[in-house]
1. Just name the residue that is surrounded by the fewest Cβ atoms within 10 Å (Cβ to Cβ) out of those in segment B:198-241 that are part of a loop (DSSP other than H, G, I, E, B) and of a type in the set (Lys, Arg).
2. I'm told A:Tyr239 meets every condition in (1) modelled with pLDDT of 95 or more; (2) closer than 30 Å to B:Leu135 by Cα except one. Can you identify the failing condition by its number?
3. Which condition does A:Ala149 not pass, out of (1) more than 13 Å from chain B (Cβ to nearest Cβ); (2) crowded, with 23+ Cβ neighbours inside 10 Å; (3) of a type in the set (A, V, I, L, M, F, W, C), if it passes all the others?
4. Could you count how many residues in segment A:61-80 are small (Gly, Ala, Ser), more than 29 Å from A:Thr218 (Cα to Cα) and in contact with a helix residue (DSSP H, G or I) (Cβ under 7 Å, 6 or more places away or on another chain)?
5. Return the residue satisfying two criteria in turn: it lies in segment A:152-176 and is within 13 Å of chain B (Cβ to nearest Cβ) and crowded, with 23+ Cβ neighbours inside 10 Å, and of such residues it is farthest from B:Tyr159 (Cα to Cα).
6. Among A:Gly194, A:Gly222, which is the only one that is touching a residue at least 12 places away in the same chain (Cβ under 8 Å) and either over 30 Å from A:Lys12 (Cβ atoms) or not assigned by TED's automatic domain parsing to the domain that holds A:Cys174 (or both)?
7. Say whether the condition of being under 21 Å from the mean Cα position of the chain (by Cα), in contact (Cβ under 8 Å) with a residue 12 or more places away in the chain and either over 24 Å from A:Ile109 (Cβ atoms) or assigned to a helix (DSSP H, G or I) (or both) is met by at least one residue in segment A:149-156.
8. Among the residues of segment A:110-141, write down those that are facing chain B (nearest Cβ under 8 Å), without any contact (Cβ under 8 Å) to a residue 40 or more places away in the chain and part of a helix (DSSP H, G or I).
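The values are calculated or read from the model by the stated rules, or taken from the named source; none is laboratory data. Only a predicted model underlies this, so the values are computations on that prediction, with no experimental measurement involved. Here the Cβ positions follow ideal geometry from the backbone for every residue, glycine too, while neighbour counts run over all protein chains shown.
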2 protein chains.
Amino acid sequence: MINIIGLGPGDKQQITPLALEALAESDVVAGYTVYIDIIKDLLEGKEVIATPMMQEVERCKMAARAAQGHRKVAMVSSGDAGIYGMAALMIEVCEELGIDEEIRVVPGITAANSAAAVLGAPLTHDFAVISLSNLLTPWEAIEKRLDLASKAGFVIVLYNPTSKKRADFLQKACDLMMKNISGETQCGYVRNIGREGQDHKILALRELRNETVDMFTTIVIGNSTTKVIRGKLVTPRGYRM
Amino acid sequence: MINIIGLGPGDKQQITPLALEALAESDVVAGYTVYIDIIKDLLEGKEVIATPMMQEVERCKMAARAAQGHRKVAMVSSGDAGIYGMAALMIEVCEELGIDEEIRVVPGITAANSAAAVLGAPLTHDFAVISLSNLLTPWEAIEKRLDLASKAGFVIVLYNPTSKKRADFLQKACDLMMKNISGETQCGYVRNIGREGQDHKILALRELRNETVDMFTTIVIGNSTTKVIRGKLVTPRGYRM
């Protein structure tokens with residue numbers, strides 16, 4: 001049995017009872033070192049497979065092999081393991097290795113939802129979620145999605161907005177979207193959601209383009225109706241009062 | 001203090017401790033009758049404001065007024081109250097009525113995430129979330145988003161796919177998307193997520209167009225790489241094995 005578990009934003013108060021139960025029942029827990037650290041007090045007596053970032057395939061293979069012989073394995077990640085997470089890779093790896101243990105995905109609260117809650121209520125209308133990481137996706141495909149999503153009037157959530165190698169990607173993304181939507185479009189970002197040093201800011205798209213953010217930041221770009229009410233970023237659903 | 005709380009898919013094991021705590025601390029709990037029913041054993045000693053569907057504005061006004069004099073109010077909804085939920089309306093109503101109690105959004109697991117987990121791992125790449133309800137959005141705007149989202153290669157999640165008055169909307173949506181993407185695109189849907197009678201199906205887009213679904217159904221339309229592995233709907237992230 002392999003449970004692929006989302007731990008939510010990082011605050012233990014936002015891990016679901018279902019996720020905690022699946023974790024408690026597991027014999028082996030696998031994950032990226034940083035996530036393993038978050039739950040280290042829950043791991044007593046368990047075998048732990050912690051690997052650094054960029055070793056996703058190897059981590060999944062180790063976890064899949066550990067599940068053989070009906071051992072219970074938990075693969076953990078922050079947020080929701082089904083959103084840009086390890087869930088798909090884990091299923092692919094089990095198929096590749098011919099390991100036919102049962103696989104279950106236990107959802108968690110993903111950064112789009114937790115960032116929206118910190119900012120106010122920007123996602124009460126149709127939205128698109130786009131990762132700016134070009135490690136696994138050609139930048140041209142990302143540009144096409146930014147272009148069409150902003151033309152379509154979606155609220156847009158950006159994951160992985162930056163890294164050392166792509167320090168100007170957020171600026172490029174904002175410039176591209178400003179061809180379709182106003183620079184006055186209201187936006188917001190949240191850094192270190194649910195963790196020490198949580199921080200957020202609400203600003204216009206033309207200001208966002210000049211902002212320095214880090215890889216622990218989630219960004220929300222409003223649609224044409226998004227506004228700031230009492231310091232909160234709000235996309236009205238459209239009810240008449 | 002007003003907490004706008006998402007209860008997740010309906011299964012109590014997926015309500016976060018933060019949401020339970022905010023609920024326990026509240027003096028008044030407001031919500032749509034069906035959601036109040038889910039948590040009725042947690043409401044002892046609390047004032048309850050339960051109103052039927054279609055009375056969203058009135059329900060928010062009642063909840064906002066109940067918060068005056070520093071009473072703690074919880075406005076509950078299923079999924080995440082920030083995703084097509086009451087969060088934005090609640091903030092707007094407080095502003096309109098000049099009620100300046102603190103407002104906090106407590107996120108929950110939204111149907112996109114819980115449906116994805118039931119189906120497998122379809123949301124491990126960029127995705128768009130679109131409601132097919134035209135109660136508050138012109139159908140032309142919905143069509144534009146379906147068109148551009150399918151041209152952009154997003155995985156697409158459909159909320160509110162049907163109702164009595166719009167029995168053919170899913171069919172229209174599928175036909176529109178099939179102008180841009182193959183009818184063989186792998187899709188899935190989940191009915192009654194986290195509740196009695198939970199049910200799911202994986203099928204091609206051309207089959208989805210002829211399917212009868214109800215309003216408690218969440219639909220996922222894959223991208224061109226989405227495939228079925230061991231009966232699960234999987235969108236590969238793109239890792240090389």
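1. Start the filter on segment B:198-241 by keeping residues that are part of a loop (DSSP other than H, G, I, E, B), which leaves B:198, B:209-216, B:222-226, B:230-231, B:235-241.
If we keep only those that are of a type in the set (Lys, Arg) as well, we get B:209, B:230, B:237, B:240.
Working: B:Arg209: 18, B:Arg230: 12, B:Arg237: 21, B:Arg240: 5.
Checked segment B:198-241; the qualifying residue surrounded by the fewest Cβ atoms within 10 Å (Cβ to Cβ) is B:Arg240.
2. The one condition A:Tyr239 does not meet is (1).
3. It fails just one condition, (1).
4. Kept after step one, since they are small (Gly, Ala, Ser), are these residues of segment A:61-80: A:63-64, A:66-67, A:69, A:74, A:77-79.
Checking the rest, the ones that are also more than 29 Å from A:Thr218 (Cα to Cα) come to A:64, A:66-67, A:69.
So of that shortlist, the ones also in contact with a helix residue (DSSP H, G or I) (Cβ under 7 Å, 6 or more places away or on another chain) come out as A:64.
Qualifying residue count, segment A:61-80: 1.
5. A:Ala173
6. Values: A:Gly194 fails: either over 30 Å from A:Lys12 (Cβ atoms) or not assigned by TED's automatic domain parsing to the domain that holds A:Cys174 (or both).
Sole residue among the options that is touching a residue at least 12 places away in the same chain (Cβ under 8 Å) and either over 30 Å from A:Lys12 (Cβ atoms) or not assigned by TED's automatic domain parsing to the domain that holds A:Cys174 (or both): A:Gly222.
7. Going through segment A:149-156, the residues under 21 Å from the mean Cα position of the chain (by Cα) turn out to be A:149-150, A:154-156.
Applying the additional criterion that residues be in contact (Cβ under 8 Å) with a residue 12 or more places away in the chain yields A:149-150, A:154-156.
When the remaining residues are screened for being either over 24 Å from A:Ile109 (Cβ atoms) or assigned to a helix (DSSP H, G or I) (or both), the result is A:149-150.
Yes, because at least one residue in segment A:149-156 is under 21 Å from the mean Cα position of the chain (by Cα), in contact (Cβ under 8 Å) with a residue 12 or more places away in the chain and either over 24 Å from A:Ile109 (Cβ atoms) or assigned to a helix (DSSP H, G or I) (or both).
8. A:Asn113, A:Ala117, A:Ala141
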